[in-house]
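The structure appears right after this line, and notes come after that.
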Amino acid sequence: MMRHPIDTNQHMRAAFDRLASMDDITLLSTLSDSLSDSSDLSSVVTAFRALVREYPASSGTSTKTVNRVGIIAAHSVPTAYWPYLIYASLRGVPVKIKIPAENISHLHMLADLLVRGLSTDNYDAFRPQWDISVKSGKELLADGYWDDCERLLVFGSNETVDTFRQHFSQPHRVIGFGHLESILLVDGISLQTDERWLIDLLTFGHIGCLAPRLVVSVDGQKPDRIAEVMLSTLNGSVCPDLGRAITLRNLLNEMRVAGINVWSSNDGMWLISANGNLPSKSIAGHLSIVSAPEILTSDTAIGALSCLPHHRQMLRNFAELSALASWKCAWGMAQFPSMRWINGGCTVPETLSV
């Protein structure tokens with residue numbers, strides 16, 4: 001139980017500084033205690049450091065927080081809702097969260113990191129107030145699980161977000177993120193000389209909402225050349241997975257029948273297509289080469305926009321993409337948003353403010 005919520009701006013900054021100063025030994029010790037699978041330790045460490053290295057941007061509105069917040073987490077990257085859990089915990093806001101069962105270990109790990117990072121004389125009894133459930137979201141909704149929550153953060157499909165908005169009629173009570181597509185800006189030379197773009201695609205198995213699935217060329221490279229360079233590097237980069245291979249093989253055949261330009265890696269774990277249309281659904285291992293106008297004329301919500309410094313200079317031609325993206329970052333950081341991540345049109349403090 002948390003007896004010492006961190007309310008003042010000065011204490012909040014001090015808390016973030018303390019969490020950011022945690023050494024690797026403490027981090028890895030906590031991870032090894034909490035996670036049975038060590039394969040994603042490096043990614044989780046990177047995600048945590050990205051979140052606590054800077055204080056969240058001010059909302060510019062009331063600093064009064066909601067009394068209780070609910071989080072509906074999808075089968076996605078477990079660190080996606082960490083910014084809200086960290087901020088809510090430091091402000092002393094209880095959280096009711098529905099998560100997939102396989103992500104519980106990550107949640108306990110985050111709690112352990114917060115406890116270890118804030119174990120001082122002032123916060124010796126710090127423990128996040130999290131009520132955790134692994135039941136289905138619809139079942140919990142029908143049971144009134146979230147009825148006492150002033151704010152609900154919904155991660156999932158557009159349909160899931162709509163379900164919650166229809167249930168709770170009060171304006172602004174539900175903040176839904178819905179379907180997102182992240183973008184990787186590329187140029188021919190950098191693809192062959194800077195492999196940080198691989199981190200954007202390989203982290204967390206390419207399943208998260210911030211994993212880039214759209215590829216936009218900033219230097220006029222033809223799709224077949226982009227696909228050739230990317231697939232030659234991606235080939236053999238992930239462990240063989242029969243389910244993923246079958247899904248991508250079926251998608252490959254469907255696209256070929258439809259006359260779509262499509263290319264596959266030799267190991268069958270990656271597929272790149274280019275047909276002038278955005279993909280109708282997200283599939284791990286599938287990338288689509290598109291143009292900026294194609295994205296802008298769609299109703300796609302943009303998650304991460306990952307680019308290199310010299311791409312930012314070229315972004316004058318892609319200013320609208322930059323304005324729409326919720327997370328603008330360098331190659332290799334698409335799936336590691338900071339506390340300054342703006343999602344659903346709101347900053348983290350704004351999301352939890354009255």
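The values are calculated or read from the model by the stated rules, or taken from the named source; none is laboratory data. Keep in mind that what you see is a predicted model, and the values were worked out from it rather than measured. Neighbour counts run over all protein chains shown; Cβ positions are idealised from the backbone, glycine included.
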Wholly inside segment 145-213, helices (runs of 4 or more DSSP H) that include 3 or more residues that are farther than 20 Å from residue 307 by Cα and of a type in the set (S, T, N, Q) are 158-167
Residues of segment 167-197 being basic (Lys, Arg) and in the same structural domain as residue 323 (by TED's automatic domain parsing), in sequence order, are 196
Per the list (1) in contact with a strand residue (DSSP E or B) (Cβ under 9 Å, 6 or more places away or on another chain); (2) closer than 30 Å to residue 343 by Cα, residue check on residue 204 breaks on (1)
Within segment 50-70, restricting to residues that are touching a strand residue (DSSP E or B) at 6+ places or on another chain (Cβ under 8 Å) and surrounded by fewer than 23 Cβ atoms within 10 Å (Cβ to Cβ), the one that is modelled with the highest pLDDT is 68
